[in-house]
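Report on the following structure.
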Amino acid sequence: MTRPDLPRLVEQTRALLLLQMYLTLLVLVFMTLLMQFLTSAMGPSRGDRFLTVYVILVCVPFVLGLSAWMFRRGQVLGWILAFVAEVVSFSIAVGSILGPFTGIAAVILLVVASCILVNLFRPEVRRFFFG
């Protein structure tokens, strides 16, 4: 049994959600490898903040994958989960850019999160989910 084709912007948003999920997983691998070095170099207060961001980033790929899966099935909860995950990702990326840990990964995360947030509020995507 084949699934019906999704509208163009819905499929594009779903693909961007999956892309961001994989990029976030790569950032997590990088952060895991450098965690001991970074937390000891930052001091106790910034180290705690770094660990908090790390724990939040561990949850984000799961939510992104779940929302992409729900996108394919046209479930409204997928749109809501995508919105929440993108707001969290956007906040983390902006905080990383404005904070001491600036890198190309934060900029890429910011750009992809911005594209997804714009797509979530386009009429074609809202019409697909909310009728």
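The values are calculated or read from the model by the stated rules, or taken from the named source; none is laboratory data. Keep in mind it's a predicted model, so treat the numbers as computed, not measured. Note: ideal-geometry Cβ built from the backbone for every residue, glycine included; neighbour counts use all protein chains shown.
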Kindly indicate which of 107, 84, 125, 94 is out of contact with any Leu (no Cβ under 6 Å at 6 or more places or on another chain), within 19 Å of residue 18 (Cβ to Cβ) and among the β-branched types (Val, Ile, Thr). 84
Out of 71, 83, I need the residue that is in a helix (DSSP H, G or I), at pLDDT 95 or above and among the aromatic types (Phe, Trp, Tyr). Which one? 83
Please indicate, with yes or no, whether at least one residue in segment 3-22 is within 29 Å of residue 130 (Cα to Cα) and modelled with pLDDT under 75. yes
Can you find a residue in segment 42-55 that is at pLDDT below 95, within 14 Å of the chain's Cα centre (by Cα) and not β-branched (Val, Ile, Thr)? yes
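Can you work out which of the residues in segment 100-117 that are without any contact (Cβ under 8 Å) to a residue 24 or more places away in the chain and loosely packed, with under 14 Cβ neighbours inside 10 Å is nearest to the chain's Cα centre (by Cα)? Give the derivation first.
Taking segment 100-117 and keeping what is without any contact (Cβ under 8 Å) to a residue 24 or more places away in the chain, we get 102-104, 106-107, 110-111.
Still in the running and loosely packed, with under 14 Cβ neighbours inside 10 Å: 102-104, 107, 111.
Numbers: 102: 17, 103: 16, 104: 15, 107: 12, 111: 11 Å.
Applying the filter and picking the extreme gives 111.
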What's the number of the condition residue 96 fails, among (1) of a type outside the set (Lys, Arg); (2) in contact with a helix residue (DSSP H, G or I) (Cβ under 6 Å, 6 or more places away or on another chain); (3) surrounded by fewer than 18 Cβ atoms within 10 Å (Cβ to Cβ)? (3)
